[in-house]
1. Starting from residues that are in a loop (DSSP other than H, G, I, E, B) and within 28 Å of residue 33 (Cβ to Cβ), keep the ones in region 199-236 and report whichever is nearest to the chain's Cα centre (by Cα).
2. Could you check how many residues of region 141-196 are assigned to a strand (DSSP E or B), surrounded by fewer than 20 Cβ atoms within 10 Å (Cβ to Cβ) and among the β-branched types (Val, Ile, Thr)?
3. Considering region 254-280 alone, what residues qualify as being surrounded by 13 or more Cβ atoms within 10 Å (Cβ to Cβ), in a loop (DSSP other than H, G, I, E, B) and touching a residue at least 60 places away in the same chain (Cβ under 8 Å)?
4. Assess whether residue 27 counts as being surrounded by 14 or more Cβ atoms within 10 Å (Cβ to Cβ), under 23 Å from residue 256 (Cα atoms) and modelled with pLDDT of 95 or more.
5. Across region 218-229, what is the number of residues that are closer than 27 Å to residue 61 by Cα and open to solvent by 40 Å² or more (accessible area, probe 1.4 Å)?
6. Condition first: assigned to a strand (DSSP E or B), open to solvent by 10 Å² or more (accessible area, probe 1.4 Å) and out of contact with any Asp or Glu (no Cβ under 7 Å at 6 or more places or on another chain). Now tell me which residues in region 116-136 satisfy that.
7. Is there a residue being in contact with a Ser or Thr (Cβ under 8 Å, 6 or more places away or on another chain), basic (Lys, Arg) and within 26 Å of residue 99 (Cα to Cα) anywhere in region 268-276?
Amino acid sequence: MEFSIGAFVLYVVSVSSLICFTNADNFYKDVDITWGNGRGKILENGNLISLSLDWSSGSGFQSKKEYLFAKVDMQIKLVPGNSAGTVTTFYLRSMQPKHDEIDLEFLGNVSGSPYTLHTNLFTQAVGNREMQFNLWFDPTRDFHNYTILWSAHHVIILVDGIPIRDFKNHEKKGVLFPTSQPLRMYASLWDGDSWATQGGRVKTDWSKAPFVAMYRNHKVDACNWSGGKPNCHKKPWWNYEVTGNRYKQMRWVQRKFMIYNYCDDVKRFPQGLPLECKLR
C-alpha cells in the first residue's frame, strides 16, 4: 500500500479530529515553571503554557512527578515567522549522572523553510541515535499533538497519532534501552543558533524577539507502582505495536519527510553502524 499526499493529509486530519483532550491534565497541578524569570507563564486556568525567548534568556518547565514508563501527549504551537536559531523542546529525562533521555527538539527556520523535528534517545548517557524529519504541515499555524510512548518494549514517537519512529527494546541482544530510571517531563524554548538552523550558519535575528511557543492539552498516562515495579498491564498503550497500517504510515513518513537517520550514516560510524540498526 502506497499513500498519496492527498490521502495522507486527509488521514492526518481525520486522526487529529478524533483525538480527544476533554480529560487533559492541568498545568498548575502537574508542572513547575523552572527558569526564565517570568518568561514562562501558565495561562487559561492551567490549560495553556506560554514560553518566550529574548536576547537575555529563554524559559522552561518540568513535571512535578517522575514516571517509569508512560504515554505523554502534548499539543504545541511553534514559534512563527523567522524562528532561525530557536529550539523548542518536549522531552523526558532522568536525573542520574548516566541519564536516560527521550528527545523531541524543534529546530527553528528561516521564514518559508520547513521546521526540523530532531529526535534522539539516550541510555546511560549514551546518545548518537538522531533521526530528523521535516513536518508535513506548518506547525506554527495551529497546535499539533506530539506523543512520546515509552514502554518496556518500545520508545515510539507519534505526530498527530501517526508513528514516525520506533526504537525497539533489544536489551537481550546487547542494545541499551531505558528500563530502570524514572524520567521527568521537560519543555523549553532556548537559543541554539550555534547549531540549530543549517548547522549554525543561520543565526537568531533578535529584532524578531520575543519568540513565543505555546503548549496545551498535555496528558500523562503513567504506570502505577505495585510491589516495587510498574504495573502497566491494564494500560491500553502498553502493548502498542507499529505493525500493519501503522507500520506503512511510519515508513511513508520516513521515506517522504525524514532528512537524517543515524542508521544510514556510514561515514559517522567507520567501525560499523550501531547494533540496533541491524535489528530493525
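The values are calculated or read from the model by the stated rules, or taken from the named source; none is laboratory data. Everything numeric in this text was worked out from a predicted model, so none of it was measured. Here Cβ is always computed from backbone atoms with ideal geometry, including for glycine, and neighbour counts include all displayed protein chains. Each accessible area value is taken on the protein alone, full model and side chains, heavy atoms only, with ligands, DNA and RNA left out. Shrake-Rupley method; radii C 1.70, N 1.55, O 1.52, S 1.80 Å.
1. Taking the candidates together, the pick is 223.
2. 0
3. Correct list: 274 only.
4. Answer is no for this residue.
5. Quick first cut of region 218-229, residues closer than 27 Å to residue 61 by Cα only: 218-225.
Filter again for open to solvent by 40 Å² or more (accessible area, probe 1.4 Å), leaving 219, 221, 224-225.
The number of residues fulfilling the criteria is 4.
6. Those that are assigned to a strand (DSSP E or B), open to solvent by 10 Å² or more (accessible area, probe 1.4 Å) and out of contact with any Asp or Glu (no Cβ under 7 Å at 6 or more places or on another chain): 116, 126, 131, 132, 134.
7. no
Here is a yes/no grid of residues against (1) under 15 Å from residue 210 (Cα atoms); (2) modelled with pLDDT of 95 or more; (3) outside any strand (DSSP E or B); (4) open to solvent by less than 10 Å² (accessible area, probe 1.4 Å):
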| site | (1), (2), (3), (4) |
| --- | --- |
| 57 | yes, yes, yes, no |
| 60 | yes, yes, no, yes |
| 95 | no, no, yes, no |
| 99 | no, yes, yes, no |
| 111 | no, no, yes, no |
| 114 | no, no, yes, no |
